[in-house]
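Participant: One structure, as structure tokens, below. Some questions next.
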Amino acid sequence: MDTTAPARADVYTRVTNRILADLEKGVRPWMRPWSAGNAAGRIVRPLRACGQPYRGINTVLLWLTAVERGHASPFWLTYRQAQALGGQVRRGEHGALVVYAGTITKPEEGDGEEEREVHFLKGYTVFNAEQVDGLPGRFQATAPEPSDPMPRLAAAERFFAATGADIRSGGSRAFYALGGDYVQMPPFETFRDAESHAATLAHELVHWTRHPARLDRDLGRQRWGDAGYALEELVAELGSAFLCAGLGITPEVREDHAAYIASWLEVLRHDTRMIVRAAAHAQRAADFLHALQPEAPAAD
């Protein structure tokens, strides 16, 4: 039984290597839940024992593990959480890596009066509910079946409209124009299907959040294809995947798939912290877009 938490040292490298292994095969790991046998194609965010969704890079790591091992349950628990709920991790089961990001305050070198914040990443181990015997019944339920296509797409259209973004239609390319602050989309009819259109729009709306009036995200992009460009595209990819999971949309693999993967491989190999940083930016973008949605009417 593997109950030992991963060593603190070099957690960034462990996370990055996990993502690189798939990218080197030409696979985007954050899209695997829709292209592989994860819960028969169901789309769901990984959940903590309390039912709260995981966020950021942990979403990607647990999606990846669920696909590799064929887990259908969305729930993930630490060994102690399983025990506290009356469960027992089965002998021989191996846990999955998740991370906790935090900061500590340290004195600056010198007179000791100045302090600085130091960011750290701590790894720990969780188990899927399917690896645990004796859990309460609510943990045995698999991910919910996706709803019918029309309600899913109607919800997506309402979501996009509520952002208030200037979304224009025409031409043959999908992009966000920072100078003009608008999203350009090819005509709806030119997409393979409605979900492809919605997934592409989700990607561009994540770019839309980078504007100085919104999240003011500047990743050092100077020109097409440089490291800053690759990182911003990675943020948009991950942010789109997070949005798609909530809206029930199947992400679209774009025609520039291979070129983007090559650029991500290059930057990730040179900076092991980049994938965690990109996921954090992507989560903030998804949160920002969700915060623009109208509040649900209170129940009578």
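The values are calculated or read from the model by the stated rules, or taken from the named source; none is laboratory data. What you are looking at is a predicted structure, and each value in this text was computed from that prediction instead of being measured. Positions of Cβ are backbone-derived with ideal geometry, glycine not excepted, and every protein chain shown enters the neighbour counts.
Participant: Taking region 210-229, which residues are under 19 Å from the mean Cα position of the chain (by Cα) and either assigned to a loop (DSSP other than H, G, I, E, B) or in contact (Cβ under 8 Å) with a residue 40 or more places away in the chain (or both)?
Facilitator: Within region 210-229, R210, L215, R217, L219 meet the criteria.
Participant: Inside region 246-268, can you point out the residues that are modelled with pLDDT under 80, in a loop (DSSP other than H, G, I, E, B) and out of contact with any Cys (no Cβ under 8 Å at 6 or more places or on another chain)?
Facilitator: Selection gives E252, V253, R254, E255, D256.
Participant: For region 169-186, name all the residues that are outside any loop (DSSP other than H, G, I, E, B) and in contact with a Ser or Thr (Cβ under 9 Å, 6 or more places away or on another chain).
Facilitator: Passing the criteria: Q184, M185.
Participant: Here is a follow-up. Any chance you could count how many residues in region 114-130 are touching an Asp or Glu at 6+ places or on another chain (Cβ under 7 Å) and surrounded by fewer than 12 Cβ atoms within 10 Å (Cβ to Cβ)?
Facilitator: Counting residues in region 114-130 that are touching an Asp or Glu at 6+ places or on another chain (Cβ under 7 Å) and surrounded by fewer than 12 Cβ atoms within 10 Å (Cβ to Cβ) gives 3.
Participant: Another question, then. Go through H197, H207 for me and flag whichever is assigned to a helix (DSSP H, G or I) and within 18 Å of A279 (Cβ to Cβ). Walk me through how you get there before you give the answer.
Facilitator: Details: H197 fails: within 18 Å of A279 (Cβ to Cβ).
Only one candidate passes the filter, namely H207.
Participant: Are any residues in region 178-190 in contact with a strand residue (DSSP E or B) (Cβ under 9 Å, 6 or more places away or on another chain) and either surrounded by 14 or more Cβ atoms within 10 Å (Cβ to Cβ) or of a type in the set (V, I, T) (or both), and if so, which ones?
Facilitator: Residues satisfying the conditions are Y182, V183, Q184, M185, P186.
Participant: Oh, and also: Taking only pairs six or more apart or across chains, which ones have beta-carbon atoms under 6 Å, a first residue in region 92-103 that is in the same structural domain as L62 (by TED's automatic domain parsing) and farther than 9 Å from F120 by Cβ, and a second residue that is part of a strand (DSSP E or B) and polar (S, T, N, Q)?
Facilitator: Listed by first residue and then by second, the contacts come to G95/T125.
Participant: If you scan region 259-285, which residues turn out to be within 21 Å of F242 (Cα to Cα) and small (G, A, S)?
Facilitator: Across region 259-285, the qualifying residues are A278, A279, A280, A282, A285.
Participant: crowded, with 16+ Cβ neighbours inside 10 Å and at pLDDT 90 or above: is that true of T13 in this structure?
Facilitator: no
Participant: For region 153-168, enumerate the residues that are of a type in the set (K, R) and either in contact with a strand residue (DSSP E or B) (Cβ under 6 Å, 6 or more places away or on another chain) or in a loop (DSSP other than H, G, I, E, B) (or both). If you could, list the steps in order and put the result at the bottom.
Facilitator: Taking region 153-168 and keeping what is of a type in the set (K, R), we get 158, 168.
Of everything in region 153-168, just one residue is of a type in the set (K, R) and either in contact with a strand residue (DSSP E or B) (Cβ under 6 Å, 6 or more places away or on another chain) or in a loop (DSSP other than H, G, I, E, B) (or both), namely R168.
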